[in-house]
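Right, one structure below, let's go through it.
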Amino acid sequence: GWQVSMKSGSLSYILPCNRLPVQLMSQVRVYSSNGQKKDLGSEDSNGSARGEALHKVETGRQDTTNAGQKPSSPKQPIQVKVKAVLKKREYGPKYTQNNFITGVRAINEFCLKSSDLDQLRKIKRRSPHDDTETFTVYLRSDVEAKSLEVWGSPEALARERKRRKEAEIKYRENLFRNQRLLWEYKEFFGNTKPRSSTAAMFFKGPGKVVMVAICINGLNFFFKLLAWVYTGSASMFSEAIHSLADTCNQALLALGISQSARTPDPSHPYGFTNMRYIASLISGVGIFMMGAGLSWYHGIIGLLHPHPVESLLWAYCILAGSLVSEGATLLVAINEIRRSARAKGLSFYQYVVQSRDPSTNVVLLEDAAAVLSVAVAATCMGLTSLTGNPYYDSVGSLGVGTLLGTVSAFLIYTNTEALLGRSIEPEQLQRLTELLESDPVVRAIHDVKATDMGMSKVRFKAEVDFDGRVVTRSYLEKQDIEQLLQEIQQVKTLEELEAFMLKHGDNIIDTLGAEVDRLEKDLKQRNPDVRHVDLEIL
């Protein structure tokens, strides 16, 4: 009988035997049944004592068992080779010694000056921004040590942080008051103040369409209101309410356009582009409540309590002028949508249904409804003039209200879908997926999501299974193989091997990060609408 037991790191190997196990620490020793032993490495004193004691017990049992039997030929010792492994390093729940920190964070979080950072080690790393390739970072441990040197103790640093936090809160509280002061003294800027980018938005594109619609609908409301006061026509009242609703809603659209031009801030890192959809959604609700609701109400009152209608000559004239003005605004909106749809490679219908430009869509639908409602109102008023029956006029008011309700329902639906974050077209998603899968560094992609964030901005997300061999080969292609081979040949100890692997392992991780940046850049070039790319490594 023989017995072997060894332990390397935390892994213990025990060969099957009906004897007591022998366990050695960081050493391999082979025992044979004839009492011979062979060391395959150095052992500690504790392991030696345990081995000798157990060997004596084993020898005594063997002599008892073999009593009365003929001696057999000695057996060859069994040798087992075990690979050495590094001891697992415990980092604890929080380990920040190797963390990098930017200069801005070092100054803000540790209350340092830029001159304090000049004495620290500067490390060049890949930049996360598209406009720069590298940027300078510092070791967090160096920054922490420097902050303690400057402030003397952690308590003093905490007091300074608290003081700066209170000053920041006080500044935010006074921000509104400062803005009001600037507004009061804005005349001191004179003509030297450059025109803001927000004001420039209303001289082209959707902003121009909205401003033209506001002016025309405001004039239409004024003249229609005078016609209703003169004639008492229910249809004319509905038309006046319709123009008022359009004017208010388009003013709301103008507010949404101006708010959408705001630059992103820490509270809204993806910007304010969805303000256009929010304004369009509120506009749809306003059309339903004010336009459709009042038109239905006035039509129902006219049916329940009909009254004769006065001369409709002036009403016809105002409706004719309104038809011309609303038609002109409608043509402006149609031309703008055609131009934008052509630039996106979409048809007119697809561009409207997908609500690519909510502001122009609202103007288009409101003006189309206005043209149709003028036709409905004129028809019903003509029937009333011919027959003398006021019920036709009230029916016209109900027809205008129904038309406005349909438009508002469409606007509410399309803008709600856009705010919920719908996916892009399957064809576009397929092209982006094929681009990733055709790259040699990618093995597979999973959980692909491409969300339309509004105003031609797409956020793409996917979990990517990278091919480590291709990434490593990409790293080796940039290295001097002869020098790398010499480094490998100089490795003699576990410490040298660990240092070699840590050095090149860090560089391989940087190569993987560069591959991720390259894929993100390719995705944005393939589809310019893709503004944000999140590639998660499996």
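Values quoted throughout were computed directly from the atomic coordinates according to the rules given, and no laboratory measurement underlies them. Here the structure is a predicted model, which means the values were calculated and not measured. Quick reminder, even Gly has a Cβ in these numbers, built from the backbone with ideal geometry, and neighbours come from all protein chains shown.
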Would you mind counting up the charge near S147? Only other residues with Cβ under 14 Å from its Cβ, with Lys and Arg at +1 and Asp and Glu at -1.
-> 0
Spin-label pair R531/E133, simplified geometry with 7 Å Cα→Cβ offset, distance in nm = 2.8 nm
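Compare the peptides 101-112, 282-293 by average per-residue count of other Cβ atoms within 10 angstrom and give them in order, highest first. It would help to have the intermediate numbers written out before the result.
Numbers: 101-112: 16.5, 282-293: 21.2.
Going from most to least packed, we get 282-293, 101-112.
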Nearest 0.05, what FRET efficiency do E90 and T493 give at R0 = 22 Å with Cβ-Cβ as r?
-> 0.50
With the 8 Å Cα cutoff and a minimum separation of six or more residues, the stretch 426-537 has a relative contact order in percent of 34 percent
If R0 = 30 Å, then S423 and V285, at their Cβ-Cβ distance, give a FRET efficiency to the nearest 0.05 of 0.70
Please work out the FRET efficiency for the pair K478 and N178, using the Cβ-Cβ distance as r and a Förster radius of 45 Å; give the result to the nearest 0.05.
-> 0.25
Quick one: if you stick a label point 7 Å off each Cα along the C-beta vector at A320 and R338, how many nm between them?
-> 2.8 nm
Net length gained if the chain between C215 and A328 were fully extended (0.36 nm per residue, minus Cα distance) | 39.5 nm
Relative to the present Cα-Cα distance, how much length would full extension add between Q486 and D522 at 0.36 nm per residue of separation?
-> 9.2 nm
Could you work out the local net charge near H242, counting Lys and Arg as +1, Asp and Glu as -1, over the other residues with Cβ closer than 12 Å to its Cβ?
-> -4
Using eta = 1.567 mPa s and T = 4 °C, Stokes-Einstein with Kirkwood Rh from Cα pairs puts D for the stretch 100-170, in µm² s⁻¹, at 99 µm²/s
What is the sum of charges around L330, taking Lys and Arg as +1, Asp and Glu as -1, for the other residues whose C-beta is under 13 Å from the C-beta of L330?
-> -4
Obtain the nm distance between the two label points defined at Q119 and E160 by a simple spin-label model: each point lies 7 Å from its Cα along the Cα-to-C-beta direction.
-> 1.3 nm
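For a 23 Å ceiling on Cα separation, which of these pairs sit above it: K124/K162; K461/K521; K94/K449; K122/K146; K503/K524; K204/K449?
K124/K162; K94/K449; K503/K524; K204/K449
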If the chain between R469 and E437 were fully stretched, how many nm would it gain, using 0.36 nm times the residue separation less the Cα-Cα distance?
-> 9.9 nm
Applying the Karplus parametrisation 6.51 cos²θ - 1.76 cosθ + 1.60 with θ = phi - 60° to the phi angles of the stretch 458-473, what ³J(HN,Hα) value in whole Hz is obtained for each residue in order, glycine and proline being reported as x?
-> 10, 10, 10, 9, 7, 9, 10, 9, 7, 8, x, 5, 5, 5, 5, 5
DSSP-defined antiparallel bridges as percent of all bridges, the stretch 426-537, nearest 5 = 55 percent
